[in-house]
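Engineer: I'd like to ask some things about the structure below.
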Amino acid sequence: MLENTDPDPTFEAIRHHRVAHATHQAFLSIAEEDPADPERRAALDRMRADAEAAAWTLVEVTPTTIFGVRALASYAIEFVEGGFTWPEGWGKQLRSVVLRAYGSESS
């Protein structure tokens, strides 16, 4: 219940998602240069899958500090305000993460 003194795993999950998402976004323009290229298409699909998996990891990790909860909420908002969307059902999982972090998942 947010009293852990170990490093909060939420920060690493956020960093991992930032990198996976940025990599996918950067490769989009390269893939668009030749959309018929099957190797580029396959690489883009892998990067999209990596970014989505990293998004789900964000809501599979339970924050261990109030700072982790705040960072996750802020990052989620920042991502949407940047014009991006989370996978379907992700927001519901985020709610569950916050409740789990506070030890009241029964709501």
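Engineer: Could you work out how much longer the chain between I66 and T85 gets when fully extended? Use 0.36 nm per residue separation minus the Cα distance between them, nm to one decimal.
Structural biologist: 4.4 nm is the gain from fully extending I66 to T85.
Engineer: In addition: Could you give the length gained by full extension between D6 and S74, i.e. 0.36 nm per residue of separation minus their alpha carbon distance, to one decimal place?
Structural biologist: Separation in residues times 0.36 nm, less the Cα-Cα distance, equals 22.4 nm.
Engineer: So, with +1 on the Cβ of K and R and -1 on the Cβ of D and E, and no other charges, what is the size of the charge dipole of the chain about its Cα centre, to the nearest 20 debye?
Structural biologist: So the magnitude is around 300 debye.
Engineer: May I ask for the percentage of alpha-carbon pairs in the chain that lie more than 18 Å from each other?
Structural biologist: 52 percent
Engineer: Considering the options G68, A36, L58, tell which one lies farthest towards the positive end of the dipole of segment 9-101, charges being +1 on Lys and Arg and -1 on Asp and Glu at the Cβ, about the Cα centre.
Structural biologist: Positive-most Cα among the choices belongs to G68.
Engineer: Hey, another quick one. If we sort 84-93, 31-40 on the protection proxy, mean other Cβ atoms within 10 Å, highest first, what's the order?
Structural biologist: Descending packing order for the listed peptides: 84-93, 31-40.
Coordinate-derived values only; no laboratory data. Nothing here was measured: the structure is a model prediction, and the numbers come from that model. Note that each Cβ is placed from the backbone with ideal geometry, even for glycine, and that neighbours are counted across all protein chains shown.
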